[in-house]
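These notes are about the structure you will find just below.
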Amino acid sequence: SILRPSPVRLAVYLHDLISVIYARRYPGHTSRLRDAYYQAVYRQTLRHADLVFTNTEFTRREILDWTAQRRLRCPPIQIAGYGFPPPVPPRPKQDVIILLVRHTPHKRSDLAVPYVYRWQKTSGYTGRIICVGSLPAGIRMPEDPAWSWAGRVTPDAMLRMMGEARAVLHFTDYEGFGMPPVEAALAGSCPVFSAIPVAREVMGSCGLGFDNDRYESFQHAMDQALQTPDATVTGWATALYERHH
């Protein structure tokens, strides 16, 4: 409850703080009422919880900073595993790249589409590029026969598509964990991802990260992805599963 304390001892799981930082980081992309609601929920949650579970050291520090700035008591925070399903056996690959897009600004679809299109043209890649998700207003897929639009798909369909793709691309500038690169590796596809601090923590030495601010970094990651053997991806999947399960 926003208004009353919990009547029982309370352990909570906080995946990230994006709900309470969105209005500040991305002005105009959330309503004042929605922001006020989440601020109240998080305040009350942290005020009355006896224990907090989260998934990364990055989010643990975010929670500590958020409570300190508001002079709230912070309960003990425990980093726990995530509970991913085990890796699947490698599947035959199609000449396909999956580009994950979202209409929310932190997912950087504004960067993803031009970067991938530029790489496609300069590298001579002749396979298909499938966009999965939803694009923000004002951003369109290139009018190129190699590009196709899948929209939103079911989790089972996503797992199958990832397993058959040569690479899965995840652009973002904020996450509390960042599940898609881990999911891609577990499905058997090479993950290519924005190497923001939390992604480096989650992925370790697995996958291929790139700097959002440098196209050349993305280009290098993509060129490596197409040369990464299945055995390497299988090794990444095993390491990530053991680390986060």
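The values are calculated or read from the model by the stated rules, or taken from the named source; none is laboratory data. If you're wondering where the values come from, they're calculated on a predicted model, not measured in any experiment. Here Cβ is always computed from backbone atoms with ideal geometry, including for glycine, and neighbour counts include all displayed protein chains. Only protein heavy atoms, including side chains, enter the accessible area calculation; ligands, DNA and RNA are left aside. Shrake-Rupley method; radii C 1.70, N 1.55, O 1.52, S 1.80 Å.
Here is a check on your reading of the model: is ILE130 touching a strand residue (DSSP E or B) at 6+ places or on another chain (Cβ under 7 Å), in contact (Cβ under 8 Å) with a residue 12 or more places away in the chain and of a type outside the set (Gly, Ala, Ser)? Here the answer is yes, as ILE130 does meet what is asked. Taking the conditions (1) at pLDDT 95 or above; (2) open to solvent by 60 Å² or more (accessible area, probe 1.4 Å) in turn, VAL96 satisfies each one other than (2). The residues in the stretch 202-215 that are open to solvent by 50 Å² or more (accessible area, probe 1.4 Å) and either of a type in the set (S, T, N, Q) or within 24 Å of ARG91 (Cα to Cα) (or both) can be counted, and the count is 1. Is it true that ASP223 is open to solvent by 50 Å² or more (accessible area, probe 1.4 Å), modelled with pLDDT of 95 or more, more than 30 Å from TYR22 (Cα to Cα) and acidic (Asp, Glu)? Judged against the criteria, ASP223 is a match.
Limited to the stretch 147-178, what total is found for residues that are assigned to a loop (DSSP other than H, G, I, E, B), open to solvent by less than 20 Å² (accessible area, probe 1.4 Å), within 22 Å of GLN219 (Cβ to Cβ) and not hydrophobic (A, V, I, L, M, F, W, C)?
2
Going through the stretch 202-215 one residue at a time, which ones are in a helix (DSSP H, G or I) and either without any contact (Cβ under 8 Å) to a residue 40 or more places away in the chain or out of contact with any Gly (no Cβ under 9 Å at 6 or more places or on another chain) (or both)?
Correct list: MET203, TYR215.
Matching residues to (1) assigned to a loop (DSSP other than H, G, I, E, B); (2) over 22 Å from ALA239 (Cα atoms); (3) open to solvent by 10 Å² or more (accessible area, probe 1.4 Å):
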site: ILE139; (1), (2), (3): yes, yes, yes
site: PRO145; (1), (2), (3): yes, yes, yes
site: PRO180; (1), (2), (3): no, no, yes
site: ALA184; (1), (2), (3): no, no, no
site: PRO191; (1), (2), (3): no, no, no
site: ARG200; (1), (2), (3): no, no, yes
site: SER217; (1), (2), (3): no, yes, yes
